[in-house]
1. Among the residues of the stretch 253-269, count how many are farther than 25 Å from ALA398 by Cα and surrounded by fewer than 24 Cβ atoms within 10 Å (Cβ to Cβ).
2. Is there a residue in the stretch 115-131 that is among the polar types (S, T, N, Q) and open to solvent by 40 Å² or more (accessible area, probe 1.4 Å)?
3. State yes or no: is ALA88 within 24 Å of HIS283 (Cβ to Cβ) and of a type in the set (Gly, Ala, Ser)?
4. Being modelled with pLDDT under 95, over 26 Å from GLU179 (Cβ atoms) and touching a Leu at 6+ places or on another chain (Cβ under 9 Å) is the requirement here; does PRO260 meet it?
5. Does ALA272 satisfy being out of contact with any Cys (no Cβ under 7 Å at 6 or more places or on another chain), open to solvent by 20 Å² or more (accessible area, probe 1.4 Å), in contact (Cβ under 8 Å) with a residue 60 or more places away in the chain and farther than 22 Å from HIS163 by Cα?
6. Given the options ALA282, ALA308, name the one that is under 22 Å from ILE381 (Cα atoms) and in contact with a strand residue (DSSP E or B) (Cβ under 6 Å, 6 or more places away or on another chain).
7. What are the pairs with Cβ atoms under 8 angstrom where one residue, in the stretch 332-345, is of a type in the set (Lys, Arg) and the other, located anywhere, is surrounded by 15 or more Cβ atoms within 10 Å (Cβ to Cβ) and assigned to a loop (DSSP other than H, G, I, E, B)? Sequence gap at least six, or different chains.
8. Identify, from the list GLU368, GLU357, GLU396, GLU315, the residue that is open to solvent by 40 Å² or more (accessible area, probe 1.4 Å) and in contact with a Cys (Cβ under 6 Å, 6 or more places away or on another chain).
Amino acid sequence: MKLLVRWRDAIVGELSSSDGGRTLRFRYASATGPQVSHSLPRTLDEQDGTFFANLLPEGQERERLARALGASPDSALSLLAAVGGDCAGALELLPFGETNAPPPRPDRVLTSALTISLQVDGALSTIVREGLRLSLAGAQEKVPVIVAGSDLVLPGTSSVSTHILKLPSKSFRGVIENEHFVMRVARKAGLIVPTTTLWRLPTEDVALLVDRFDRRGGRRLHQEDLCQATGRAPHEKYEADGGPTLAEIVAVLRAACARPAADIERLLRWQAFNVIVGNNDAHAKNVALVREPEIGLSPAYDLVCTRAWPALSSELALRVGGRRQAGDVDAEAWRLEARTCGVGAGLVLDLVADTCERVRAHARATAEELMDAALGKATPIRAALAHIEKQVRWSERALARAKR
């Protein structure tokens, strides 16, 4: 089997496999067309297609998708053939013979029945059954949607989604409210983030609606996460599992971005924020490049205080100065990381201090505002706030000791 790779109106290459879809190979249609990824230079030679495996969901969602298709979860090509019509970024994956518009599929209003199916049967299993070709990477249950007044719509063939709808989790209750809170604090701490809204589903559950930064004015905009940009497989998203380090991500920004200095500063503030708020799941698939109109760091997304759940890992997805635990990330760790990244230590320490000050100034007021809101649940927000305030105090004391 082969798939055509289309970037809006142009075929930019083809994707193939010779071992049942497990190992992907990519070849550009032209050496002068748009570049799909930092890890895929423009050449007519066949290249490793691991970039495309990162477009698929992970974990239980991938298993559910495979069962719904009667395919092996290891066959990335088969799964992409089924759901690669609307992925993260601007690319569409089409079977040979579908060089023009794919068979029409109507939009689907998100009714109570569809919402129950998404939550019980799984997002992608339901999407496949409805005849839609939509995919979002990651392990969390989520679907691309269009906001149409008071309704949400699953986009059909001719429509482009505007938002991502994140569904409530049975395993981590309150994650929706937790993320909404942390994203609001992030904006006040100087990070660029998409707008998030708590959304009451037809089933009365609360989901999170997130503006898509890779969609604008009905157009798909291309993006790639840092697993894709560094040629890593999805299971290598954590540094401990062979994923990119913070310094390696900085090197990609320096090599690829139109404004590298500003983007490196934004990345380091993002990492300081993750340490301060206890977001230990800030891995390489949770940071991305947008590739149009120019290449640059994307808005920050998927920001959650994971330390609100004691059972989750206490280790940082990306280490700072080799330190695995946020409680060990002191001024010396940041100085070492600055040296490794080739950035001035004074700049980094100022960024960390400024981020601490902003989080301390806004976290409690933001939490109280959301806990008073009609859709908000107090418990997950309160748990996140308790960890954040504790970590802010520790970080500020550590910075103060370094100045003595």
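1. Here is the first cut: in the stretch 253-269, the ones farther than 25 Å from ALA398 by Cα are 253-263.
So of that shortlist, the ones also surrounded by fewer than 24 Cβ atoms within 10 Å (Cβ to Cβ) come out as 254-263.
Adding up the residues that qualify gives 10.
2. First, pick out the residues of the stretch 115-131 that are among the polar types (S, T, N, Q): 115, 117, 119, 125-126.
With the extra rule that they be open to solvent by 40 Å² or more (accessible area, probe 1.4 Å), the set shrinks to none.
So far as the stretch 115-131 goes, no, none of its residues is among the polar types (S, T, N, Q) and open to solvent by 40 Å² or more (accessible area, probe 1.4 Å).
3. Working: within 24 Å of HIS283 (Cβ to Cβ): yes; of a type in the set (Gly, Ala, Ser): yes.
Yes: the conditions hold for ALA88.
4. Numbers: modelled with pLDDT under 95: no; over 26 Å from GLU179 (Cβ atoms): yes; touching a Leu at 6+ places or on another chain (Cβ under 9 Å): yes.
The answer is no for PRO260.
5. Numbers: out of contact with any Cys (no Cβ under 7 Å at 6 or more places or on another chain): yes; open to solvent by 20 Å² or more (accessible area, probe 1.4 Å): no; in contact (Cβ under 8 Å) with a residue 60 or more places away in the chain: yes; farther than 22 Å from HIS163 by Cα: yes.
It is false that ALA272 is out of contact with any Cys (no Cβ under 7 Å at 6 or more places or on another chain), open to solvent by 20 Å² or more (accessible area, probe 1.4 Å), in contact (Cβ under 8 Å) with a residue 60 or more places away in the chain and farther than 22 Å from HIS163 by Cα.
6. Checking each option against the conditions leaves just ALA282.
7. ARG335/GLY321
8. Values: GLU368 fails: in contact with a Cys (Cβ under 6 Å, 6 or more places away or on another chain); GLU357 fails: in contact with a Cys (Cβ under 6 Å, 6 or more places away or on another chain); GLU315 fails: in contact with a Cys (Cβ under 6 Å, 6 or more places away or on another chain).
One residue alone meets the criteria, GLU396.
The values are calculated or read from the model by the stated rules, or taken from the named source; none is laboratory data. These figures come from a predicted structure and were not determined experimentally. Every residue, glycine as well, gets a Cβ built from its backbone with ideal geometry; the counts of neighbours run over all protein chains shown. The accessibility values were calculated without ligands, DNA or RNA, using every heavy atom of the protein model including side chains. Shrake-Rupley method; radii C 1.70, N 1.55, O 1.52, S 1.80 Å.
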